[in-house]
Each structure stands twice: as structure tokens, then as C-alpha cells.
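Presented below is the structure to which this report refers.
The values are calculated or read from the model by the stated rules, or taken from the named source; none is laboratory data. Predicted, not measured: the structure shown is a model, and the values here were computed from it. Cβ: placed from backbone, ideal geometry, glycine included. Neighbour counts: every protein chain shown. Surface accessibility is based on the protein's heavy atoms, side chains included, excluding ligands, DNA and RNA. Shrake-Rupley method; radii C 1.70, N 1.55, O 1.52, S 1.80 Å.
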Amino acid sequence: MRLHKFNVLYRSRIFAIFLAGMGATVCIFIMAQGAQIAPSYLGIMAPFGATMVILFALPKSPLAQPKNILGGHLLTTAIGLITLYYWEVTPISIAISVGLGVSLMMLTNTLHPPAGANPILVLSLNVSWDFLFTPVLSGCLLIVLFGWFYHNWISRIGYPLRLKP
């Protein structure tokens, strides 16, 4: 009887919501903690908060898959950096960068909505090319690794999606 109650709780919507919130909390905490350990490490950026929503609330979504998280964030950040390097920061350069990012994510099948903010972030903060590696690449790798661990060992949902042959 006690095991049945535990199974009912484990499968409940409330427990799933709690687990998703805890997963996002722990993942962001680990990323934010990096700055405390190594002050030169900038391992977090605002779009990662939106990535948490997709990864932990909708892990079976194509938008939450590693290819989309990595590809979307890297591609749109690179577009922002190229724009920053070759063009003056203006409303039109910001708008074109975001639009180009959306189009290229769709073209490459790496659509990840939080990554749409990356060109705006890059252009408004005037970051260097190092930003592509830290926080973007390092953060994405940590997110995907943590998502894999969390969804395979904690939530038991399984991650990433396995494509059917």
C-alpha cells in the first residue's frame, strides 16, 4: 500500500512540476556558482533561463534536444558577433541579426526559441568573441549534460529523444 502511494505521488502532475522546477534550479545554480569559484568565468546568461523552461518542462520537445540547444545558441551568438564586428549597432542591425538567426535556425533544423535573444544580448553588451565559448558553449554543454543526467536518472523521462528508424 505504501509503495502504491509513492508511485501515485511520483506520477502526479504536482510532483512532475516540482521536479522540473528543482531541475532548473539546480542547473542554474551550478552555472551561477562557476562565477563564484572562478571570477573570470561567466557561465550564465539570461537566455539560459528560458532554455530551462524548455528543457525541464518540455524535455520531449524537439526544441529541447541537444542539437537545438547547442546549435541554436551557438549560431545566433555567432550572428550577433559577426554583426557587432562588421556593422554599427543600430535598431536595424539588431533586427536583422535576430531575423537572420531565426531563419538560419530554421534552415539548419536547430530551432531553439531562447537563442533568438542572443544577438540582442551580444549587440547590447558589446561582448568579445570569447563570449561564444564562455558562457555560450560552456553553458550549453553543461545544460545538455545536466539535462541528460537529470532526465535519465531523476525524472526518468529519458533524454535526448531517440529517433525511431
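Computed quantities for the displayed model
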{"read-out": "Among the candidates 70, 58, residue that is surrounded by fewer than 18 Cβ atoms within 10 Å (Cβ to Cβ), among the aliphatic types (A, V, I, L, M) and either at pLDDT below 95 or more than 20 Å from residue 124 (Cα to Cα) (or both)", "value": "58"}
{"read-out": "Hits in segment 81-92 - residues which are open to solvent by less than 100 Å² (accessible area, probe 1.4 Å), among the hydroxyl-bearing types (Ser, Thr, Tyr) and without any contact (Cβ under 8 Å) to a residue 12 or more places away in the chain", "value": "90"}
{"read-out": "Leading residue by the ranking (least open to solvent (accessible area, probe 1.4 Å)) among those in segment 120-144 that are touching a helix residue (DSSP H, G or I) at 6+ places or on another chain (Cβ under 9 Å) and free of Cβ contacts under 8 Å to residues at least 12 places away in the same chain", "value": "128"}
{"read-out": "Evaluation of residue 103 against (1) hydroxyl-bearing (Ser, Thr, Tyr); (2) modelled with pLDDT under 95; (3) over 27 Å from residue 35 (Cα atoms) (one fails), failing number", "value": "(2)"}
{"read-out": "Options 50, 117, 95, 78: the member that is at pLDDT 95 or above, open to solvent by 50 Å² or more (accessible area, probe 1.4 Å) and either touching a Pro at 6+ places or on another chain (Cβ under 7 Å) or in a helix (DSSP H, G or I) (or both)", "value": "95"}
